[in-house]
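Peer 1: What follows is a single structure, and I will ask about it in a moment.
Derivation of every value follows stated rules applied to the coordinates shown; laboratory data play no part. These numbers were taken from a predicted model, which means no experiment stands behind them. Note: ideal-geometry Cβ built from the backbone for every residue, glycine included; neighbour counts use all protein chains shown.
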Amino acid sequence: MDSIRSKKEIKLILSKLSDSDESLWIFIIESELLKKKIKFPLLEFVGKELYFKIPEMNQIYFTDQIIKLGHMGGYVISAIILQLRMEKHFEQSLNKAVEYILLGNEWYVCDIIGERIMGYFLLKEPEKTLPILKNYINDKNGWIVRSVGVASHYAVKKGLGKKYVEVTFYLLLSKTDTKDFHTKRNWLGS
């Protein structure tokens, strides 16, 4: 499998988008990026570049199409685009995150999206995000429950304020009796 190791290579690939019809962008992204080995920080860079390249009204359509392809890198790219939409589209981004986690139906999808969207939102907007995470903690889907632990870990690691750390900790403690393997493994490290 070919690999991409630099922002310079990515910029060269993304420059092809400017020269082509928007209907071909998904094909180019898949063939030139998603089918190659690229480290997550570079995929995050792709997401940021695309956020500024894709018109706002087309961004959700774009992320939906990328997610449908089912490539791990597509989850990273889409999550960064949703993350950058937080200020104007807070609830929509969280709703899309849940949708994508459910579609992906794998631990790594939950972790990629849970960290980059729920975790980032918790860090940046704890007052708005905590009530939503309190709903997610009791969701019937184990991946959505797990995303609360992923989000909490990310936000605390990145410097979540002390008063919010305590609230988050008690939120997680409410699920210590879980029987779900993936939730328990994520939170308790067992």
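Peer 1: How large is ³J(HN,Hα), in whole Hz, for each residue of the range 139-145 in order, when computed from phi with the Karplus curve 6.51 cos²θ - 1.76 cosθ + 1.60 and θ = phi - 60°, using x for Gly and Pro?
Peer 2: 5, 6, 8, x, 5, 5, 4
Peer 1: Quick one: Karplus J couplings for the range 154-162, per residue in order, coefficients 6.51, -1.76, 1.60, θ = phi - 60°, nearest Hz, x for Gly and Pro?
Peer 2: 4, 5, 5, 4, 8, x, 3, x, 3
Peer 1: Oh, and also: Which value in deg cm²/dmol, rounded to the nearest 500, describes the helix-derived mean residue ellipticity at 222 nm for the chain, given -39,500 (n - 2.57) per DSSP H run of n ≥ 4 and division by the residue count? Provide the component values of the computation, followed by the final result.
Peer 2: Values: 12 runs with 129 residues, N = 190.
For the chain, the value works out to -20500 deg cm²/dmol.
Peer 1: On to the next question. Run the quick spin-label model on K39 and K53: label points 7 Å from Cα toward the beta carbon, then report their separation in nm to one decimal.
Peer 2: Each label point is offset 7 Å from its Cα along the Cβ direction, giving 2.1 nm.
Peer 1: Suppose a student asked you for the relative contact order of the range 1-85, using Cα pairs under 8 Å spaced at least 6 residues apart; what percent would you report? Spell out each step's value before the answer.
Peer 2: Numbers: 66 pairs, mean separation 29.0, N = 85.
Dividing the mean separation by the residue count of the range 1-85 yields 34 percent.
Peer 1: For q = 0.26 Å⁻¹, what log10 I(q)/I(0) does the range 1-85 give under the Debye formula with an equal point scatterer on each alpha carbon and no solvent?
Peer 2: -1.59
Peer 1: State log₁₀ I(q)/I(0) for the chain at q = 0.08, 0.11, 0.16 Å⁻¹ as given by the Debye formula over alpha-carbon point scatterers of equal weight, solvent excluded.
Peer 2: Calculated log10 I(q)/I(0) at the listed q: -0.27, -0.49, -0.96.
Peer 1: Here is a follow-up. What is the calculated FRET efficiency for S18 to K68, with r their C-beta to C-beta distance and R₀ = 22 Å, to the nearest 0.05?
Peer 2: Details: r = 24 Å, r/R0 = 1.08.
Between S18 and K68 the formula returns 0.40.
Peer 1: Distance cut-off 19 Å, Cα to Cα: go down the list K124/K175; K48/K134; K48/K124; K35/K68; K68/K88; K16/K39 and report the pairs above it. Don't jump to the answer; show the numbers that get you there.
Peer 2: Details: K124/K175 24 Å; K48/K134 29 Å; K48/K124 17 Å; K35/K68 14 Å; K68/K88 24 Å; K16/K39 21 Å.
Going by Cα-Cα distance, K124/K175; K48/K134; K68/K88; K16/K39 fall outside the 19 Å limit.
Peer 1: Among the aspartates and glutamates, which have Cα under 18 Å from the Cα of K96 when same-chain residues fewer than 8 positions away are ignored?
Peer 2: Counting by Cα, and skipping residues close in sequence, K96 has these aspartates and glutamates nearby: E44, E56, D64, E87, E106, D111, E115, E125, D139.
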